[in-house]
Amino acid sequence: MLIEDLDIHPSIKEVLLKEGIKELFPPQVEAIKAGVLKGVNLVLASPTASGKTLIAEICALKHILENGGKALYLTPLRALANEKYEEFQKYTAIYKPDGRKISIGISTGDYDSSDPWLGKYDIIVTTNEKCDSLLRHRAPWMNEVSLVIADEIHLINDVERGPTLEVVLARLSQINPGIQILALSATIRNVDEISEWLNAKAVALDWRPVKLREGILYDDEVQFKDGGSIKIDRIVKDPVINLAVHCVKQGGQSLVFASSRKNAVNIAKRASKEISQLIPRTLKRSLENLAEEIQSSGERTRLSDTLAELVKCGVAFHHAGLSGAHRKIIEDSFRRGNIKVLAATPTLAFGVNLPARMVIISDYRRYEPGYGYYPITVLEYKQMVGRAGRPKYDNVGEAILIAKSEDERDYLLANYVLAKPERIWSKLGVEKVLRSHVLATIASGFAYSEQGVYEFFAKTLYAYQYSLDAIRGKIQRVLKFLHDEGMIEVEGGFLRATEFGSRVSQLYIDPLSAIIIRSALWRRARKVSDISLLHMIAHTPDMSPKIRPTSEDIDKVALFLDEHRDEFMFEVPDEWGDRIEFEEFLGEVKTAMVLKAWIEEYSEDQIIEHFGVEPGDLYYLTETARWLLYSSYELAKLLGHKDLLSKLAELMERVEKGVRAELLPLARLEGIGRVRARILYNAGLRTIEDLKKASIEKLMSLPHIGPKIAKKIKEQVGGIVSQEEWKKISGAASQQEQQSLTDYQ
């Protein structure tokens, strides 16, 4: 089927043809035959790179250009939301019937807002959690959404993210009964069941643009599922490195999935020596520039130094411990083909799209603290192998497991290569998960009675798979809990949320977290300190996972606990009466210690050294802490604890900026992070007034403050600057930009 033959607006055809897309792939053809462009609900399950996103784009544009509707694009991760937002940009030159151009909006943060500004956009990209938050705030523009696209719908199977997506789809269907649902997935075994729940048709094809060969390496030979085989030269003892070298010698890139962060780094280190010898001289200069970019992005740490050294060899690692800036640099350079071998943790398989000629699964087992090693699911395996083969670059993609014996080879063949992925099951029926969603159902007016709550949850996948009776008892217990804790009340047979319950739902925190915060605010510690409040939020279920003490630092954390015992708002468990509870408490204490170190201006490298917490984890921790401190502030305001408001507000901002209190006025300036703020302060420039009076020469003489930053400071704080000085600084800034561009090229 040709693009020219589609029943779509000529402007869409023009954009697609300009992109070089002239003909549809088989899954796209089947989706159109199923009626996706005529408003039919559809579950489209096909391998990575088979064109699912294009169908979503065309469908969204049809709703906007022909029906005057809006499209909502849901993703499980912020990184994916950003990726999809960029992909939609190519359509912003198209004019709508009203003469305005198509507009794309994105929102992935701030869960305490209805984001009314999003209403002006035609296509809105959000994470599942952000969409849930918008529904709780009853964002008025939600009524205009005529199409919802649910990406990676198989993640309904995920304990953490699944229930939110499930509830969001049920709520959107309730608000807009005529809404079209387009669900996308790479792998669903029970696709018919999921489509029946969504009242949708199903299109499930195994077709992919690049042929996939799945195989198992044993004794230097890869035997493929299709009967073929290849011999791998034994260069080193490690078969993973031998496979990677083989791939690079053939002109490809390899993506290695490791079972842990430590293993990912170690694989990259072992690969670097061999791959470095295969890198052409012309590429080495680009890799050196890339290494410099890594070291100049964000704070320099031992982790970033290791990454930069490996990148020079054409090798990198990728895991959640890396900062967002470093992950993006690695992803972009891998896509450009500069990095030849990338060792990553399995989270990448469910995240951004990074295909490679060869996917190597170094270990099919995962280590779970307290449980030991266990085999990965077939679903996870299929997600990994889906990354094999780069469209337009590779004729074939290879995905390879590694066996240490013939017996293990047979096991891997039967249980992974030839196996079907597991069925997707709803994970909604857990009281911990239900607490928040039942409260939101009442607080946001999706149900007004106990029967109304049951009717809403009858629309979920859980009720479809297990029956409503299976969840009714759990809902009853949750309703009793919410009533006993003063979050809901009954009036004349109707349920309504109290002011406390409504605020908790809007703040997007677990009701149990709110109860813990409420209790702590009433009880108080003898001395309310930063540690008191940081431990309070670490004590909540929303601060998850906690930073567990290691065997090396458990005594240090216990000593800190003893020294600050009178500052905690909760009773310290008996060390020997309940050892498990005591160790969990130590995890909360260590989490508070890390946050305290951050606001005392420990560098990221010092935090790695002292606590073993890497930049990516630190970012996630501070984001969560900031939100819980904001929620604590809002609850303290609601509950009448006015004396704590200024302390909570200051602590929230310090956690956001990572500074001591005296630096806050400086750190609030755009472009002035914690490092530059400290440099300015130590140079005697401690207030906005000081900066107003400071000369351009004084600012530019300080480390890390070049002409561009000096100009930005002056623009923000005002002050008298002569025309000659502006000319001088603008010229220096322009020269700096030109030099940066030359260095990059």
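Does Gly616 satisfy being assigned to a helix (DSSP H, G or I) and modelled with pLDDT under 95? Write out each step before concluding.
Working: assigned to a helix (DSSP H, G or I): yes; modelled with pLDDT under 95: yes.
It is true that Gly616 is assigned to a helix (DSSP H, G or I) and modelled with pLDDT under 95.
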Scan region 380-404 for residues that are surrounded by fewer than 19 Cβ atoms within 10 Å (Cβ to Cβ) and at negative phi and report the count. 5
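How about region 361-410: which of its residues are among the small types (Gly, Ala, Ser) and without any contact (Cβ under 8 Å) to a residue 60 or more places away in the chain?
Start the filter on region 361-410 by keeping residues that are among the small types (Gly, Ala, Ser), which leaves 362, 370, 372, 386, 388-389, 397, 399, 403, 405.
Residues satisfying the conditions are Gly370, Gly372.
Listed here are the residues, each with its yes/no results for (1) assigned to a helix (DSSP H, G or I); (2) in the same structural domain as Lys727 (by TED's automatic domain parsing).
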site: Asp643; (1), (2): yes, no
site: Lys647; (1), (2): yes, no
site: Glu650; (1), (2): yes, no
site: Arg654; (1), (2): yes, no
site: Leu664; (1), (2): yes, no
site: Glu670; (1), (2): no, no
site: Ile679; (1), (2): yes, yes
site: Asp690; (1), (2): yes, yes
When you go through (1) assigned to a helix (DSSP H, G or I); (2) aliphatic (A, V, I, L, M); (3) touching a Lys or Arg at 6+ places or on another chain (Cβ under 8 Å) one by one for Val659, which number turns out not to apply? (1)
Pick from Ala49, Ala81, Ala60, Ala93: which is at pLDDT 95 or above and either out of contact with any helix residue (DSSP H, G or I) (no Cβ under 7 Å at 6 or more places or on another chain) or surrounded by fewer than 16 Cβ atoms within 10 Å (Cβ to Cβ) (or both)? Ala60
Evaluation of Thr187 against (1) among the β-branched types (Val, Ile, Thr); (2) part of a loop (DSSP other than H, G, I, E, B); (3) without any contact (Cβ under 8 Å) to a residue 40 or more places away in the chain (one fails), failing number: (3)
Scope region 232-278; condition within 28 Å of the chain's Cα centre (by Cα), assigned to a loop (DSSP other than H, G, I, E, B) and either buried (at least 23 other Cβ atoms within 10 Å of the Cβ) or without any contact (Cβ under 8 Å) to a residue 60 or more places away in the chain (or both); matching residues: Gln253, Ala258
Given (1) outside any helix (DSSP H, G or I); (2) under 27 Å from Ile607 (Cβ atoms); (3) not basic (Lys, Arg), Gln295 misses just (1)
Filtering region 312-326 down to residues that are surrounded by fewer than 20 Cβ atoms within 10 Å (Cβ to Cβ) and over 19 Å from Gly612 (Cβ atoms), which residue is modelled with the lowest pLDDT? Gly324
Of all the strands (runs of 3 or more DSSP E) wholly in region 357-431, which have at least 2 residues that are more than 25 Å from the chain's Cα centre (by Cα) and assigned by TED's automatic domain parsing to the domain that holds Glu331? 372-375, 396-402
Of the numbered conditions (1) over 18 Å from Ser532 (Cβ atoms); (2) buried (at least 18 other Cβ atoms within 10 Å of the Cβ), Ser603 satisfies every one except a single condition; which is it? (2)
Using the structure shown, decide if Arg138 is under 28 Å from the mean Cα position of the chain (by Cα), over 28 Å from Tyr393 (Cα atoms) and in a loop (DSSP other than H, G, I, E, B). yes
Could you tell me whether any residue of region 152-162 is at pLDDT below 95, assigned to a strand (DSSP E or B), surrounded by fewer than 23 Cβ atoms within 10 Å (Cβ to Cβ) and of a type outside the set (D, E, K, R)? no
If a residue must be assigned to a loop (DSSP other than H, G, I, E, B) and either of a type in the set (Ser, Thr, Tyr) or over 18 Å from Arg548 (Cα atoms) (or both), how many such residues does region 575-606 contain? 6
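With region 449-537 as the region, which helices (runs of 4 or more DSSP H) entirely inside it contain at least 1 residues that are farther than 22 Å from Ser426 by Cβ and either out of contact with any Asp or Glu (no Cβ under 9 Å at 6 or more places or on another chain) or not assigned by TED's automatic domain parsing to the domain that holds Lys647 (or both)? It would help to see each step written out before you state the result.
Numbers: elements: 450-457, 461-466, 469-484, 499-507, 511-523.
Because the criterion is at least 1 residues that are farther than 22 Å from Ser426 by Cβ and either out of contact with any Asp or Glu (no Cβ under 9 Å at 6 or more places or on another chain) or not assigned by TED's automatic domain parsing to the domain that holds Lys647 (or both), the helices (runs of 4 or more DSSP H) in region 449-537 that meet it are 469-484, 499-507, 511-523.
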Of the numbered conditions (1) assigned by TED's automatic domain parsing to the domain that holds Ile547; (2) at negative phi, Gly612 satisfies every one except a single condition; which is it? (2)
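From Gln180, Gln223, Gln174, grab the single residue that is touching a helix residue (DSSP H, G or I) at 6+ places or on another chain (Cβ under 8 Å), surrounded by 21 or more Cβ atoms within 10 Å (Cβ to Cβ) and not assigned by TED's automatic domain parsing to the domain that holds Ala440. Step through it out loud before you land on a result.
Values: Gln223 fails: surrounded by 21 or more Cβ atoms within 10 Å (Cβ to Cβ); Gln174 fails: surrounded by 21 or more Cβ atoms within 10 Å (Cβ to Cβ).
Within the list Gln180, Gln223, Gln174, the selection yields Gln180.
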Just wondering, is there one or more residues in region 326-337 that are assigned by TED's automatic domain parsing to the domain that holds Ser297 and more than 30 Å from Gly298 (Cα to Cα)? no
Picked from region 454-470 (must be free of Cβ contacts under 8 Å to residues at least 40 places away in the same chain and among the aliphatic types (A, V, I, L, M)), the residue surrounded by the most Cβ atoms within 10 Å (Cβ to Cβ) is Ala463
Out of (1) assigned by TED's automatic domain parsing to the domain that holds Ala45; (2) touching a Gly at 6+ places or on another chain (Cβ under 9 Å); (3) without any contact (Cβ under 8 Å) to a residue 24 or more places away in the chain, the odd one out for Leu155 is which? (3)
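For region 100-126, give me the residue count where each residue is of a type in the set (Gly, Ala, Ser) and either assigned to a helix (DSSP H, G or I) or at pLDDT 90 or above (or both).
Kept after step one, since they are of a type in the set (Gly, Ala, Ser), are these residues of region 100-126: 103, 105, 107, 109, 113-114, 119.
Going one step further and asking which of them are either assigned to a helix (DSSP H, G or I) or at pLDDT 90 or above (or both), we end up with 103, 105, 107, 119.
Within region 100-126, residues that are of a type in the set (Gly, Ala, Ser) and either assigned to a helix (DSSP H, G or I) or at pLDDT 90 or above (or both) number 4.
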Looking at Thr282, is it over 30 Å from Leu418 (Cα atoms) and in contact with a helix residue (DSSP H, G or I) (Cβ under 6 Å, 6 or more places away or on another chain)? no
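Select from region 284-311 the residues that are of a type in the set (Val, Ile, Thr) and closer than 23 Å to Arg678 by Cα and write down the one among them that is nearest to the chain's Cα centre (by Cα).
Residues of region 284-311 of a type in the set (Val, Ile, Thr): 294, 301, 306, 311.
Within this subset, residues satisfying the condition of being closer than 23 Å to Arg678 by Cα are 294, 301.
Values: Ile294: 21, Thr301: 22 Å.
Among them, the one singled out is Ile294.
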Taking the conditions exactly as written (closer than 28 Å to Ala667 by Cβ, crowded, with 21+ Cβ neighbours inside 10 Å and in contact with a Pro (Cβ under 7 Å, 6 or more places away or on another chain)), does Glu588 satisfy them or not? no
When residues of region 680-704 are filtered for being within 18 Å of Glu670 (Cβ to Cβ) and small (Gly, Ala, Ser), how many remain? 1
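The values are calculated or read from the model by the stated rules, or taken from the named source; none is laboratory data. Keep in mind that this is a model prediction, so the values were computed, not measured. FYI the Cβ positions are ideal-geometry reconstructions off the backbone, even for glycines, and counts take in every protein chain you see.
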